[in-house]
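Visitor: Okay, here's the structure, questions in a sec.
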Amino acid sequence: MRNRSLSRWVARCLLLVLSFLSIEASAQQRLVRGVETVRVTVRDLDRSLAFYTTVLPFNKLGEAELTGEPVEHAFGLFGVHARSARLQLGEEQIELIEFLAPSGRDIEPTANANDRSFQHVAIIVRDMESAYAVLRRNHVRFASSDPQRLPDWNVAAGGIKAFYFRDPDGHFLELLQFPDGKGDPRWHRAGTNLFLGIDHTAIVVASTSESLHFYRDLLGMRITGESDNYGTEQEHLNNVFGAHLRITALRGDHGPGIELLEYLAPRNGKPYPEDDRASDLEHWVTVLAAVDNQRAWTTLTNEHQKLISSSIENALPLSGSRFEVRDPDGHAIELADEN
């Protein structure tokens with residue numbers, strides 16, 4: 001009897017060791033550590049800086065000009081001359097980039113929140129009503145009808161307050177307030193700042209399973225939450241009649257998360273434009289910190305992923321190597337290895 005108990009104990013220990021080794025091996029094989037920043041293409045950098053630093057309280061960290069052959073190869077775009085600025089809110093950063101050449105397309109006036117070119121960053125606020133009042137005073141363009149409080153029956157999202165609006169170029173942005181017990185604990189720290197930081201960037205996807213193969217299985221990000229959202233509040237938040245979303249939250253070791261938004265209904269969102277270029281205003285780039293860019297390049301090439309860059313480049317103003325690739329829906333992802 002004692003021998004059987006000892007055998008079971010040894011078997012359990014062996015399983016725990018194998019599980020630990022499997023997790024360690026998985027961590028070593030992952031391609032990315034986390035989200036570094038999100039790059040947004042804008043028409044007029046000075047106009048956008050005024051919006052993001054006065055209407056919204058981002059701090060400008062610096063500005064750079066990008067030109068030359070390495071930049072062209074990195075962006076997959078010939079004849080590039082661009083201005084970029086890095087901004088920070090709380091612990092998170094975004095990058096705004098204006099292409100002086102070549103010029104790109106504006107965002108379509110009819111672009112909807114269920115189109116697969118949709119992407120936003122979710123800005124966390126301490127108090128929704130006060131933040132909404134700031135936007136109203138500055139005559140910001142609405143994308144939602146009003147701030148929405150998601151219903152309590154939704155266990156994952158109940159009590160969250162959210163509002164979509166647009167920047168001067170028509171890019172979607174979101175205000176988000178978490179109730180007690182939801183969201184990162186740092187969003188509930190005592191303080192006086194109204195705008196706190198960026199929780200995640202959200203993208204519309206056609207298939208959650210295909211996107212998970214890319215973000216989780218290939219890149220190595222982990223699922224941190226799932227939600228099934230529908231009802232009048234969700235419809236008015238997204239301004240999409242009959243909206244029913246499957247939402248999957250992913251994170252790395254640091255930085256904002258990535259939310260996958262799959263519209264179970266309606267399924268009439270426009271696909272990501274196949275001829276999208278870095279200078280088009282709909283073009284966002286989620287910049288991920290790579291573990292080893294050469295291994296990432298080889299892995300994604302062998303997996304037949306759609307590369308934007310023609311090579312790994314090291315001559316951009318930012319340090320380290322970087323290259324861009326598209327996810328299954330066409331969203332641009334940059335892998336940056338600063339080691």
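Visitor: Per-residue ellipticity at 222 nm for the chain, helices alone: DSSP H runs ≥ 4 residues times -39500 (n - 2.57), over residue total, nearest 500 deg cm²/dmol?
Guide: Taking each H run of at least 4 residues, the total per residue is -6500 deg cm²/dmol.
Visitor: Within a 10 angstrom radius of the beta carbon, how do HIS244, HIS304 rank from fewest other beta carbons to most?
Guide: HIS304, HIS244
Visitor: If the elastic network links every pair of Cα atoms under 10 Å, which of LEU96, LEU261, LEU300 fluctuates the most in the Gaussian network model of the chain?
Guide: Most flexible of the set in this elastic network: LEU300.
Visitor: Using a basic spin-label model with each label point 7 Å from the Cα along Cα→Cβ, how many nm lie between HIS188 and GLU63?
Guide: 4.1 nm
Visitor: I've got another one for you. Rounded, prolate or oblate: which one fits the chain, using the alpha carbon gyration tensor with axes a ≥ b ≥ c (rounded when a/c is under 1.5, else prolate when a/b beats b/c, else oblate)?
Guide: Oblate.
Visitor: If you don't mind, another one. Name the most mobile residue of GLY255, GLY197, GLY62, meaning the one with the largest mean-square fluctuation, in a Gaussian network model of the chain with Cα contacts below 10 Å.
Guide: The residue that fluctuates most here is GLY62.
Visitor: For the stretch 255-339, which GluC sites (Glu not before Pro) are in a loop by DSSP, counting at most 14 other Cβ atoms within 10 Å?
Guide: Listed in order of number, the matching sites are GLU274, GLU303, GLU338.
Visitor: Go through the stretch 167-224 and name the trypsin sites (Lys or Arg not before Pro) that are in a DSSP coil and have 14 or fewer other Cβ atoms within 10 Å of their Cβ.
Guide: Listed in order of number, the matching sites are ARG189.
Visitor: Could you tell me which trypsin sites (Lys or Arg not before Pro) in the stretch 85-172 are loop residues by DSSP with no more than 15 other beta carbons within 10 angstrom of their beta carbon?
Guide: ARG105
Visitor: Please order ASP184, ASP199, ASP146 by the number of other Cβ within 10 Å, starting at the fewest.
Guide: Sorted ascending by nearby Cβ count, the order is ASP146, ASP184, ASP199.
Visitor: With springs connecting C-alpha atoms under 10 Å apart, model the chain as a Gaussian network and identify which of ASN138, ASN302, ASN154 has the largest mean-square fluctuation.
Guide: ASN302
Visitor: Which residues make up the longest stretch of the chain that has no chymotrypsin sites (Phe, Trp or Tyr not before Pro) in a DSSP loop with at most 12 other Cβ atoms within 10 Å?
Guide: Longest stretch, sites excluded: 242-339.
Visitor: Also, quick follow-up: Counting other beta carbons within 10 Å of each residue's own, what order do THR192, THR232 fall into, fewest first?
Guide: THR192, THR232
Visitor: Another question, then. Provide the percentage of antiparallel DSSP beta bridges, counting only those with both residues in the chain; round to the nearest 5.
Guide: Among the beta bridges of the chain, antiparallel pairing accounts for roughly 75 percent.
Visitor: Still on this structure, please answer the following. Rounded to the nearest 0.05, what FRET efficiency is calculated for ARG105 and ALA265 with R0 set to 25 Å and r the Cβ-Cβ distance?
Guide: The pair ARG105/ALA265 has a calculated efficiency of 0.30.
Visitor: Go ahead and collect, in residue order, the members of the stretch 41-63 whose backbone nitrogen is under 18 Å from a label point 7 Å along the Cα-Cβ direction of ALA133.
Guide: 55-57
Visitor: State to the nearest 20 debye the size of the charge dipole of the chain about its Cα centre, where the only charges are +1 on K and R beta carbons and -1 on D and E beta carbons.
Guide: Approximately 1300 debye in magnitude.
Visitor: Share of antiparallel DSSP beta bridges in the stretch 119-265, in percent to the nearest 5?
Guide: Close to 80 percent.
Visitor: Continuing with the same structure: Return the FRET efficiency for the residue pair SER310, THR54: r is the Cβ-Cβ distance, R0 is 35 Å, and the value is rounded to the nearest 0.05.
Guide: Once rounded, the FRET efficiency stands at 0.35.
Rule-based calculations on the coordinates, nothing more; no lab input. Keep in mind that this is a model prediction, so the values were computed, not measured. For neighbour counting, all protein chains shown are included, and Cβ atoms are generated from backbone atoms with ideal geometry for every residue, glycine included.
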